[in-house]
Structure formats: structure tokens, C-alpha cells
Amino acid sequence: MRTCSLLLAGVVFALLVPLPTTAQPADTLWAQATSALAAGRTTDGIALLERLTAQQPDDAEAHYRLARAHAEASPPDYRAAKQALARALDLDADNPRYLTLRLHLRREAPPALFPNYQEWKRKRLAERLLDLDPDNALAHVELGEWAAATYFQFRDAVTVSGDVRPPDDPYAAFQTYDEVAQKRRVLGVTTLDKRETAAPAFAEAVDHLEQALRADPSERALYAPLLRLYLADSSYAEAARVATAMQAAFPDDATPHLYAGMAHVFGGDVAAADAAFARALPLLSAADRRSFDDLAVLFQERADDRVPFAQDAAWTAPADRFWTVEDPRLLTDVSERRLEHYARLAYADLFFGADDRRGWETEIGQVLVRYGLPRRVEDQSVGGVEDATLLRTWYYDGFHFRFDKTFRADSYRFTDYIQTGAQHVYAQEPQRTQYTPPGRRRPVDALASAFKGEDGQTDLYVPMAVPVPPAPQRDTLALPMRTGAFLLQPEAGLVARQQRTTDALDPSQLRARADTTYWQTAHRLTAAPGDYTLAVEFEADGARAVGYERAAVTLPDFTGDGLRLSDLVPAISVEEVGDSEDAAAGELLRNGYAIRALPWDALPAGQPLYLYVEAYGLTPGADYEVEAALTPQQTQRGWLRRLFGGSEAEGVSVRFTTTATATDEGQYVILDTADLAPGTVEIRLQVRDTQTGDRVSSTRTLRLD
């Protein structure tokens, strides 16, 4: 479908000069015809112009005005318009206004035969127009669309000499591009890249369409082709500029705001995207608003029922919980995943929408909404000119989709084998995010430990290590920092959170490891026992550097009878602080101990290892034994050493007996690693009730660097 189909009023008439005022023999007829057309009496105006052209057959302007009237009629009479215009051009062949109308008629009512030849004729006509009138907007539109079609035709075009897909194998959808490429090499299938034609076509298309838009910013149909070009080229700043101009031209229409939000999301401007979508959503129709509010497009084909959010399109609260759980950065004020979803809906509609359906309702649009832009695209054309089929393959990490589109079809559809394979992909992974932070992403380390909380709750202590620039020799490091820890559940959303903000870092919290300086902090979360997702994040220096990680955690239930242990906490130091409630930054304060826990599962070899643990269910006044051991993990080389009579690698251990002063209390031990070689070690701490013989243990693995 061609764009700018309404340019007759928007461009052609804008280029017209006033009707001649020089006295003519039939000036009365001219005045009457002009008055009738201005009043909307098109039939009367055409009749008067036909009388005028009959009296003055050599009046080119009269024939041109008659052609315009026929083209402007409702419905238009394009055949009569072309006949009248042909006479005008016979009399004045190089008149830019007459040629502009001819181009418009060829765009709106092209001959049915030889469509490719007709497109070539329009292109030649547009080139001739620009020679006569370099600022002609419609000519720029025609040439811009021609170049854009060439760009998209060759942007991802390849020629493949064969197909490496086993016939009727739906699981072939799980092949990645690298796997497909490897099979092609093994089978001798050649792939010819044809993309070199795309770059000059892109530059030409942008140049023409930008000139047309400058000539008439009120022509709505010009914006979408430019946006498609810039988005396809990943020129997101330019796309945002065009969308912003469209917002200014059409402030009461939802579409420009959706386009602006989409461009800002892809460009990484979360605040601008959120503002644009906030303007767009209230302007949407009820049906379109439902598509943005509910989650059916993500889960309607899902094979299991683990996520019940799409059961009812009116459940906005579950949808809100979903966007929270899936939000990659909980430190920000908006859900980046929700904005990404909105942007994908707008992108799908821009590229794959048609008059009778929204883009996200098409099969290719649904894939885009679920998984985002593909990592790689291949377009292959098969068949002849009249029965040509375009095969489009979208490659993602872990799977791919193939679509086909025939010469006469208006949308891409799954090929036969992908129709079934897509359901397997949907069931295994119904959606994913492609979020990329605006700043540099850095790793963030955290090593969580669970303890008994109050009223049946469980406390989770989360020490974190954030990479920072090397610290200068001063009291503080001026680096604004935000950190947070969060517990999430699909059915409950955000269960617990703790955030901190600081303007300067305390050097006492800095640690060096592997040539990197880390700032250590800690968070404490409390929740009911159960399974959760733990999210840890930081944002430094106004989001110039960010880090975010997630991991599954289980919060044990420490209530009930019997002897139980908390998680084992490896630490840099443990100090007795008595009844003090003031913990230094980055320390955990438990049962009269200040613990500076390790934020990672590694310790420099030779450095003392502190272990903290809490025992629950003790008998006050009774003795219990604490034994801690650190043992190098047995490797294949160690087994060979034992087989040939060598000695085993020795660890270190400590054992002591103490008397319980309360039902629940904490203990710590210190293990000396000076004589241990670098490598992975297993830490095991056991508590035994000397009266009952009951015992319980906790283990962790650790690396000695």
C-alpha cells in the first residue's frame, strides 16, 4: 500500500498559483465555475468548465482546472481527469503544476496492467518534475518511497542455494542462526549477501522524504515512512525528532505520542518515553486501550497456566504486578518492561499494520511484541515475478521464526513448519525483554543469607559489592550512589524492598579485588517463608553506570520444634558489640555481633575466614558443640594422588563446646587459610546438642583466590 495517498489536497493544491485574472472572452464562465467549485457544487462547476473548454479549446489552464475538478469530485472520476489533463499538457508540456497533477493521478489510479512499468513511469515523471521544480513535495515523496522500497528490499536480502531445515520438523524452530549457518557449511549450501544496495537507497529515501516534510509539515502521511526508515536503521535520535514534530502537528491524536514513546524507548530515554505514552493512552480507542492494558498478546497461546494474568482483560492489577515482577530496574520510578511492551506494540503497528487489522494482531507482529527485534534477519525471494514469495527469517538467541508473504498478500504469515514450532517456543518462553540501560552496565555481586525473623517471618541479609573508580586519598569518594534489594513473586508482585541513597562513599567500605575497587553495602529484607526472586541493583553517578542481577532464593521456615541453623555467613570480620544498635555502613547487626559479610563467594588465600551462624531451638543451660571445617574440594588430580599413595589435601577445622544462654543465639568461628592453596573449598559448620545428640549442619562452597 502506497503512503501519502491523500496528497492531492495536501501537496498538489498547496503548489497551485491563483487562477488567472486577465480578462478572457469567457471570463464569466470562468468566474461562475470557480464560484461553484468553491461552494462545493462540483457537478455545476464541472459543467461550466466543460462549456468553457468547448469555447476555448486552447486554454490550457481551463483544461487543467477541469482535470482538478474531476479528481476532486466525490467519487473522483479519474478517467475524465486524465483526459482533461492530457489536453492541458498538450498545450503546456512543462508546466510543473500540470505534471504534479499527472503524478498524483498516476499514484491514485494507476493502470492495472504492467504495475512495475507503471512504477517506473512515475519515477521518471518525478525526476522530470524535480528538474523543473526542485522543491516539488509530491515528486520528493514519490522518489523517497521508491528509494525506501529499494532499501527494505535489500536491507536483509540474501540468496540461499538450498534449505537446511528437515521437512516437517517443528523443533527446527529452536535452531539459532549459528546452527543454521553451520549446517549450510556442512551441506555446501551457499549464502550470498545482497545488502550492499541498501545503504545508498536509505540515504536517498531520507533526503527526499525530509524535503517533502519540510515543504508541508501538516501532511500526516509523510511521517510514518520516515519513522520506518530511521527505526530500521537504528537511528533512534532521528526517529525521536520526527515523532516529536508529529506530536506538535497532531497533539490530539494518540498515534504521534505512541511513535514518540517508541522512539524514546529504543533510544534509551525512559522519562521522555513515559511522558509520551502517558499522553497517548487516554487518546486511544477503547479496543486499542485494551490491547495496551491487558497481557493477552503475551500469554494467549501459552501451554501452561503458571502465570494467570491474561485470564481477564479487565484485570489491571495483575497486569501491574506482572510489569513490576518483569521490570529489569526496580530503582527507577517506571517499569522499563512495560514501556518496552508499549514500544513494541507501536512498532508492530507501524511496520505491519493494515487498514483491516492492527500490526500486533498479525503473526509477525505478535512475535515482535513477545520477543522484540530479532538479532538477525534474512529475506529470500523465491518463485517467479507473478508468483513470487518472500521468505523472511527472524533469528533470536535460542530459536527463530520464518514467515512468508506472497506477491498479493498484505501480511507475513508463519510458514507451515513454524506454525507448529511457534507454539513450542511460546510454551517454553512466552516473552522476553531486550532492555538495555542508558549507562554502562556493570556486574553487581551479592551473597544472601537467611535468618529467623520475628512473628514467623524470615530475614534475608544481602551484602552487595558495587564496582567503583579507584578511591583517592581523602575522607570520602564523591560518587552519588543508589542501591536496592527486592523480593518478588509472580502471584504477589513486589513483596519486600529496601533502598539507599548516598552522595559520597565511605573509604572504609571500599575493597580491592582482582584489580577492581568495590564499594560494599548491605540490605535487609523480611518476608514470609517461601520461594522468591531476589533482585539487587545499583545506580551510580546519575545512571552513568548501573548494575542489576536476579536470582531465585528460598526463605526457609525457621519456626517449629527441633534444632535448626541459619544460613552460614562467610565474613571478613565479626565483632562483639554487645547491646549496641549502631551498625557501621555495610555491616549486619545480629545478636550482639557486627558482621561484615562477604558479598561474593571468594576470599583471598591466606586471609582469615570468619563464619557466623545462628542456632535455633537450643535448650538454655545445656551444652552444645560447634565444629567448623574448611576442606579443599576433591579434584580428579586429588583422586589420582590417593590412588598412587599420595596424601589428601588437608583442610582446617575448629571445635568448641559452649553453654546455651537462650533458645536462639549466634556464634562465630575463625578459620585460618594461610596454609591452603588457592582453589574451591567446602565449608561445613555443625552444631550438636551434647545431651540429646541432635545435630544440624550448614554448608557453603567458597573460592580461595
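The values are calculated or read from the model by the stated rules, or taken from the named source; none is laboratory data. Computed from a predicted structure; not experimentally measured. Positions of Cβ are backbone-derived with ideal geometry, glycine not excepted, and every protein chain shown enters the neighbour counts. Accessible surface areas use protein heavy atoms only, side chains included; no ligands, DNA or RNA. Shrake-Rupley method; radii C 1.70, N 1.55, O 1.52, S 1.80 Å.
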Tally, over the stretch 62-74, of residues that are open to solvent by 10 Å² or more (accessible area, probe 1.4 Å) and over 16 Å from Arg107 (Cα atoms): 5
One residue from Ala310, Ala303, Ala314, Ala286 being open to solvent by 50 Å² or more (accessible area, probe 1.4 Å), at pLDDT below 95, closer than 17 Å to Gln366 by Cβ and over 19 Å from the mean Cα position of the chain (by Cα): Ala303
Close pairs from the stretch 331-356: first under 20 Å from Leu494 (Cα atoms), partner of a type in the set (Gly, Ala, Ser) and open to solvent by less than 30 Å² (accessible area, probe 1.4 Å), Cβ under 8 Å, at least 6 apart: Leu331/Gly484; Leu339/Gly261; Leu339/Ala273; Glu340/Gly372
Residue match in the stretch 253-262 (condition: closer than 30 Å to Leu487 by Cα and at pLDDT 95 or above): yes
Count of the stretch 35-49 residues which are more than 11 Å from Ala62 (Cβ to Cβ) and open to solvent by less than 60 Å² (accessible area, probe 1.4 Å): 7
Selected residue (criterion: modelled with the lowest pLDDT) from residues of the stretch 165-181 that are closer than 17 Å to Gln419 by Cα and in a helix (DSSP H, G or I): Pro170
Failed item, numbered, when Ala527 is tested on (1) closer than 22 Å to Pro437 by Cβ; (2) of a type in the set (Gly, Ala, Ser); (3) at pLDDT 90 or above: (1)
Wholly enclosed strands (runs of 3 or more DSSP E) of the stretch 539-633 bearing at least 3 residues within 18 Å of Ala485 (Cβ to Cβ): 545-555, 588-590, 593-597
Qualifying position, being in contact with a His (Cβ under 6 Å, 6 or more places away or on another chain) and open to solvent by 60 Å² or more (accessible area, probe 1.4 Å), among Arg87, Arg128: Arg87
Selected residue [at pLDDT 90 or above and under 24 Å from Asp131 (Cα atoms)] from Glu108, Glu61, Glu119: Glu61
Filter result (assigned to a helix (DSSP H, G or I) and open to solvent by less than 80 Å² (accessible area, probe 1.4 Å)) within the stretch 103-118: Leu103, His104, Leu105, Arg106, Arg107, Glu108, Pro115, Gln118
